[in-house]
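A short worksheet on the structure shown next.
The values are calculated or read from the model by the stated rules, or taken from the named source; none is laboratory data. Computed from a predicted structure; not experimentally measured. Using ideal geometry, Cβ is built from the backbone for each residue, glycine included, and neighbour counts are taken over all protein chains shown.
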Amino acid sequence: MVSDSTVRIRKAAVAGTFYPAKADALNAELDRCWAARKLVQSPPPKAIIAPHAGYAYSGAVAASAYAALAPLKGKVSRVVLVGPSHRFALHGFAVPEASIWQTPLGMVPLDVQCADALKAWPDVTCSDVMHEREHSLEVHVPFLQRALGKFCLLPVLVGHTPASRVSALLAAVWGGPETLVVVSTDLSHFHPQAVARARDDATVASLVALDATALHPDHACGAFPVAGLLAHAKDLGLRCQAVDVRTSADTAGDPQRVVGYASCLLW
């Protein structure tokens, strides 16, 4: 973390591990992800669900959702990015103290005003420490930079939190057509390929049905933020379309011990 009296910058923590640390190599990797994506026909989404593993494993699945944002470039100026906390036993939410997030592709300003408003919530913690090493949000930012160009970002980590509470937070930050919501999750972890696909197919069916009650952390590491999104989407009458479902064995991994990935669009 670099700071001065007015600016706090969160530097990229997993550049060089989850994705390339140099801009040229990162752009080339994003090109590879875009080339390996599934082609999607759908209305421009208000929200997406996308995975957060290393780009070699889940990048193509993520690109299937991010490529669908092409019509929104120049229209979306704000992204609410929500995902699970892997490193801290968080109950409630955590927003960063930083005002800028940095990736190899450049600086992204944060929506400091909205983050400040959320600090008044009793279950919202303001902590750079909780965000500093977390990958579940960071890996999405280069995809967003590629897909949208310039935007401001509101990153929110979600802990063990009821869907109703996550839905309430999303309602507070939902915004209008200028705002995109991104929820980060992987699916099942470390099963053989056939077992994982059966479990993931059931999970994806729950996503498409907007069934927040069916999700459990064993089904998706981002079960809590995803359940909140599904609950809010159901309240608003949105639809959910699964556009890509794969496992790490389909991309770059061992078929005996896979992680599942899905991308969904909601509009």
Can you find a residue in the range 127-145 that is surrounded by 23 or more Cβ atoms within 10 Å (Cβ to Cβ), in contact with a helix residue (DSSP H, G or I) (Cβ under 6 Å, 6 or more places away or on another chain), within 23 Å of Ser77 (Cα to Cα) and hydrophobic (A, V, I, L, M, F, W, C)?
yes
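So, of the residues in the range 116-160 that are among the polar types (S, T, N, Q) and not in a helix (DSSP H, G or I), which turns out to be farthest from Gly228 (Cα to Cα)?
Ser127
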Criterion violated by Val245 - all others in (1) among the aliphatic types (A, V, I, L, M); (2) crowded, with 17+ Cβ neighbours inside 10 Å; (3) out of contact with any Gly (no Cβ under 9 Å at 6 or more places or on another chain); (4) on the phi < 0 side of the Ramachandran plot satisfied:
(3)
Among the candidates Ser3, Ser64, Ser42, residue that is touching a strand residue (DSSP E or B) at 6+ places or on another chain (Cβ under 8 Å), at pLDDT 95 or above and of a type in the set (Ser, Thr, Tyr):
Ser64
Could you tell me whether the range 172-188 includes any residue that is polar (S, T, N, Q), modelled with pLDDT of 95 or more and part of a helix (DSSP H, G or I)?
no
From the option list Asp123, Asp200, Asp111, single residue qualifying as surrounded by 20 or more Cβ atoms within 10 Å (Cβ to Cβ), on the phi < 0 side of the Ramachandran plot and in contact with a Gly (Cβ under 8 Å, 6 or more places away or on another chain) is Asp200
If only one of Leu157, Leu170, Leu144, Leu137 is in contact (Cβ under 8 Å) with a residue 60 or more places away in the chain and over 11 Å from the mean Cα position of the chain (by Cα), which one is it?
Leu170
If Gln41 satisfies every condition in (1) under 16 Å from the mean Cα position of the chain (by Cα); (2) closer than 15 Å to Ser263 by Cα; (3) of a type in the set (S, T, N, Q) but one, which is the exception?
(1)
Can you find a residue that is modelled with pLDDT of 95 or more, outside any helix (DSSP H, G or I), of a type outside the set (A, V, I, L, M, F, W, C) and surrounded by fewer than 18 Cβ atoms within 10 Å (Cβ to Cβ) anywhere in the range 161-171?
yes
